[in-house]
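Report on the following structure.
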Amino acid sequence: MSSLPSLRLLSVHAHPDDEASKGASTVARYQEEGARSVLVCCTGGEAGDILNPAMDRPEVIENLKAVRAEELAASAKIIGYDEVVMLGYRDSGMTDSEDNARPEAFANAPLEESVGRLVAIIRRERPQVIITYPDERKGYNHPDHLMVHDITLPAFEAAGDPEQYPEAGEPWQPSKLYFTVWSRARMEALHAKFVELGLESPYDEWWFKKRESRDHLITTQIDIGPWWEVRGEALRAHATQIDPASSFWFGLPDEHARTVHPYDEYVLVQSKLGEIKQGIYEDDLFAGLRNIEGN
């Protein structure tokens with residue numbers, strides 16, 4: 001294993017486009033440092049709505065899975081992922097939808113099976129750091145996002161346990177597990193800039209009164225200023241899912257948007273390096289891991 005890059009990062013996402021909206025600039029930053037970054041995408045995004053009117057065409061609708069795979073490949077290249085691994089499940093759609101009832105949907109996968117698939121990837125890639133989702137049952141409770149959370153936590157521990165999934169390869173214990181979050185501070189700063197510029201803000205009451213804030217849990221803030229544009233470029237690669245005229249994604253002029261809150265934020269939830277402290281105390285996902293023998 002001595003030929004492995006010294007820094008290795010694994011991101012687990014639900015659908016094509018999630019890797020662009022959550023942590024894209026962080027991955028671009030570490031890729032520039034020479035870290036190996038691998039994306040696990042759990043579904044093909046087959047049930048996603050076409051949100052860009054320009055792509056709402058019969059040939060796109062008929063081949064949506066293939067189109068979304070092409071978009072994912074383009075986005076991953078922009079971000080700098082070294083590899084994209086598909087976990088192999090179908091998009092579950094929203095709760096109570098027809099897609100949600102399909103037996104091959106990710107939400108209906110047996111946990112032992114889906115955790116095992118992820119464990120095999122972790123053991124092969126040997127990441128020190130894994131990024132996944134918080135429990136979003138009180139927020140954006142998409143069944144696939146809930147499953148990403150529900151399989152990554154046990155896979156983090158099982159990957160290092162030789163008694164679990166012995167067929168999945170040589171055990172490897174990742175050191176740190178993070179949740180990616182959109183902070184309330186970020187939303188407030190963006191909303192304030194929209195108002196300051198006399199633009200209509202896409203951040204309505206839901207974002208501030210109904211969406212639970214996790215800012216008090218944030219442990220890690222990554223400066224992504226020099227890589228800020230990566231997120232927008234990766235989002236635009238998902239032409240079926242992202243409307244280039246969307247005020248939510250692109251409503252602020254770039255010269256303002258890049259300076260408002262140039263950070264990606266995370267919650268460190270599992271660490272093999274010692275006690276986890278609350279409050280922003282890290283500016284590096286690999287804090288405590290650089291230059292450690294055996295990595």
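Details
- Computed from point charges on the beta carbon alone (+1 for Lys and Arg, -1 for Asp and Glu), the dipole magnitude for the range 8-271 about its Cα centre is near 560 Debye.
- Net charge, LYS176 excluded, C-beta distance under 10 Å - Lys, Arg +1, Asp, Glu -1: 0
- Computed from the Cβ-Cβ distance with R0 of 41 Å, the FRET efficiency linking GLU104 to ASP283 stands at 0.50.
- Counted charge near TYR263, where neighbours are those whose Cβ lies closer than 14 Å (Asp, Glu -1; Lys, Arg +1): -2
- Charge tally for GLU112 (other residues, Cβ to Cβ under 13 Å; Lys, Arg +1; Asp, Glu -1): -2.
- Cα gyration tensor category, rounded, prolate or oblate, for the chain with a/c compared to 1.5: oblate
- A dipole drawn for the chain from +1 and -1 charges on Cβ atoms has a positive end, and of MET55, PRO171, TYR140 the residue lying farthest that way is PRO171.
- Given LYS77/LYS176; LYS22/LYS210; LYS77/LYS210; LYS22/LYS209; LYS22/LYS277; LYS22/LYS193, the pairs whose alpha carbons are separated by over 28 Å: LYS77/LYS210
- Distance between modelled label sites at SER6 and GLU170, nm, 7 Å Cα→Cβ extension: 2.1
- Loop-located GluC sites (Glu not before Pro) in the range 201-295, at most 14 other Cβ atoms within 10 Å (DSSP): GLU212, GLU275, GLU293
- Inter-probe distance in nm under a simple model that places probes 7 Å from Cα toward Cβ, at ARG57 and GLU275: 6.0
- Projecting the Cα atoms of TYR203, ILE121, THR240 onto the charge dipole of the chain, computed from C-beta unit charges around the Cα centre, puts ILE121 farthest toward the positive end.
Each reported figure results from applying straightforward, stated rules to the coordinates on display, with no laboratory input. Here the structure is a predicted model, which means the values were calculated and not measured. Because the Cβ atoms are built from the backbone with ideal geometry, glycine has one as well, and the counts that use them run over all protein chains shown.
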